[in-house]
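Engineer: First the structure, which I've put down as structure tokens, then a few questions once you've had a look.
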Amino acid sequence: MSRKEVKKKRASKKRVFPKPSRPPQPALEVSVALRDFESKQAEIVETIRQLVEIESPSDSKPAVDRLGAMLAGRFEKLGGHAMFHRTPNFGDHLQVDFAGKRDAKPVLLLGHLDTVYPVSTLSAMPCRVADGKLWGPGAFDMKSGIAFMLHAIEALRARHDDTLPRPVTVLLVSDEEVGSDSSRRITESVARRCQAVLVVEPAYGPRGAVKTARKGVGEYTLKVTGKAAHSGLDFEKGESAIVELARQIPEIAKLTDLKRGLTLNVGTVQGGTRTNVIPGEASARLDVRIAHMKDGKEIDRRLRRLRPFNRKCKLEITGAINRPPMERTPAVAGLYQQAAAIARQLGWKLDEAAVGGGSDGNFTAALGIPTLDGLGAVGEGAHAANESVVIAELPRRAALLAALIEVI
Ligand SMILES: [Zn+2]
């Protein structure tokens, strides 16, 4: 049997029927929808190219605002109501609300406008198509994801008499790549009134797995204050902050528990002034990753419980867990099952993955809102010179997003 025949057969056998408790939905013809997206592959590529060519580093408000304005226009053309959450130090966060046929809570399509690439990266790393891939800064993380939002909404409107089958809210924040400090509250308050969150961040690995678990992230600084002194004249009067810090680092390393998915990495150390001075100050910065919410409090407590070996040195620990983990709750697993069922109708086995990095989906999942991440493009090289997406994978990823909006 050819692949097409397999697709046809599965599509006819396995339609997704609405659950009895839900209002009636139109029968889903995923394979027909996929053919539509396949016929629009060149348009999707063109949209991604347009988005990549408007550079949008987190630290350039004018640049990010330019991308936000362009996208607000495109979403409004599709019938959305666009508004900006004004932000003084970062680009304004873009929210677009779409009404829907069905009286239901909106599905939130979540993503970010910003990239890690400074303005004019394009001159060294131009947007181009080669070897079946689209290359360029931010193509994978996550301008192709934004393109999927546009094309999925457009396709759904075409299928549902110029409206959407259900309400949809798009939220594109401007500071995800630098920790989401200015957007976190907005993301949480928008998500609270939504039924589910679809995060269109890059998919995982060459098979394009969606992400059903992400670690939580914390950042801490351990500062040691000792006593500076001349290393020749007053050696015994000094208290070395570097010696004390060096003794603390193995204590921190001991807190790592790989089985629990709990890791601590002392990423940088600093200290001292010159070789003939006993160092009065030293500090270390550490990255903490947790797979389970309850480990956050515990690790915070244990870090704050560190005591100096040299009683004449003082320890000061600052920092916090700033992204809670996205745990694979039954709600998250349920969304994944829905996505996997849609993929099966297309003869495609959609994998799931647990990853160490965080996204804004961590915030929404921690609120208990069903969240599925990694619905974006298949590709590689996020934040790197080889950042690219696989063009042949674009149609079915967009089809999956559209179908999920319909069935949730
Ligand atoms: Zn991203």
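Engineer: Go through the stretch 133-160 and count every residue that is β-branched (Val, Ile, Thr) and either modelled with pLDDT under 95 or within 20 Å of the chain's Cα centre (by Cα) (or both).
Structural biologist: 1
Engineer: Of all residues in the stretch 266-285, which are small (Gly, Ala, Ser) and farther than 19 Å from GLU251 by Cβ?
Structural biologist: Matches in the stretch 266-285: GLY272, GLY280.
Engineer: Would you list the helices (runs of 4 or more DSSP H) that sit entirely within the stretch 1-114 and hold 1 or more residues that are modelled with pLDDT of 95 or more?
Structural biologist: Hits in the stretch 1-114: 30-39, 41-52, 61-77.
Engineer: Which number in (1) out of contact with any Cys (no Cβ under 9 Å at 6 or more places or on another chain); (2) under 30 Å from GLY368 (Cβ atoms) marks the one condition that THR169 misses?
Structural biologist: Looking at each condition in turn, THR169 falls short on (1).
Engineer: Here's a follow-up. Out of all the residues in the stretch 173-180, is one or more touching a Leu at 6+ places or on another chain (Cβ under 8 Å) and either farther than 23 Å from MET293 by Cβ or not β-branched (Val, Ile, Thr) (or both)?
Structural biologist: Scanning the stretch 173-180 turns up at least one residue that is touching a Leu at 6+ places or on another chain (Cβ under 8 Å) and either farther than 23 Å from MET293 by Cβ or not β-branched (Val, Ile, Thr) (or both).
Engineer: Kindly check whether there is at least one residue in the stretch 52-60 that is over 21 Å from THR364 (Cα atoms), without any contact (Cβ under 8 Å) to a residue 40 or more places away in the chain and either of a type outside the set (Lys, Arg) or open to solvent by 20 Å² or more (accessible area, probe 1.4 Å) (or both).
Structural biologist: Within the stretch 52-60 (the criterion being over 21 Å from THR364 (Cα atoms), without any contact (Cβ under 8 Å) to a residue 40 or more places away in the chain and either of a type outside the set (Lys, Arg) or open to solvent by 20 Å² or more (accessible area, probe 1.4 Å) (or both)), the answer is yes, since at least one residue qualifies.
Engineer: Given the condition over 23 Å from the mean Cα position of the chain (by Cα) and away from the ligand (no atom under 16 Å from the Cβ), answer yes or no: does some residue in the stretch 82-91 qualify?
Structural biologist: No, there is no match, as no residue in the stretch 82-91 is over 23 Å from the mean Cα position of the chain (by Cα) and away from the ligand (no atom under 16 Å from the Cβ).
Engineer: So which residues in the stretch 96-125 are away from the ligand (no atom under 16 Å from the Cβ), of a type in the set (Asp, Glu) and open to solvent by less than 50 Å² (accessible area, probe 1.4 Å), if there are any at all?
Structural biologist: ASP97
Engineer: While we're on this one: Looking at the stretch 125-144, I want the residues that are over 12 Å from VAL378 (Cα atoms) and of a type outside the set (D, E, K, R) and have a partner that is within 12 Å of the ligand (Cβ to nearest atom) and assigned to a strand (DSSP E or B) with Cβ atoms under 8 Å, at least 6 apart or on another chain. Which pairs are those?
Structural biologist: Filtered contacts from the stretch 125-144: PRO137/THR115; GLY138/THR115.
Engineer: What number of residues within the stretch 381-392 are in contact with a strand residue (DSSP E or B) (Cβ under 8 Å, 6 or more places away or on another chain), open to solvent by 30 Å² or more (accessible area, probe 1.4 Å) and closer than 10 Å to LYS133 by Cα?
Structural biologist: 1
Engineer: Suppose the filter is farther than 30 Å from ALA339 by Cβ, out of contact with any Ser or Thr (no Cβ under 9 Å at 6 or more places or on another chain) and surrounded by fewer than 17 Cβ atoms within 10 Å (Cβ to Cβ); does PRO206 pass it?
Structural biologist: So PRO206 does not fit the description; no.
Engineer: Could you please find all residues in the stretch 246-277 being surrounded by 14 or more Cβ atoms within 10 Å (Cβ to Cβ), of a type in the set (Gly, Ala, Ser) and within 33 Å of the chain's Cα centre (by Cα)?
Structural biologist: Correct list: GLY261 only.
Engineer: In the stretch 263-368, which helices (runs of 4 or more DSSP H) lie fully inside it and hold 3 or more residues that are within 16 Å of the ligand (Cβ to nearest atom) and touching a residue at least 12 places away in the same chain (Cβ under 8 Å)?
Structural biologist: Helices (runs of 4 or more DSSP H) meeting the threshold: 361-366.
Engineer: Can you name the residue in the stretch 126-148 that is of a type in the set (A, V, I, L, M) and surrounded by 18 or more Cβ atoms within 10 Å (Cβ to Cβ) and, of all such residues, is nearest to the ligand (Cβ to nearest atom)?
Structural biologist: MET142
The values are calculated or read from the model by the stated rules, or taken from the named source; none is laboratory data. Note that the structure is predicted; figures quoted are calculated from it, not measured. FYI the Cβ positions are ideal-geometry reconstructions off the backbone, even for glycines, and counts take in every protein chain you see. To get the accessible areas, we keep the full protein, side chains included, count just its heavy atoms, and leave off ligands, DNA and RNA. Shrake-Rupley method; radii C 1.70, N 1.55, O 1.52, S 1.80 Å.
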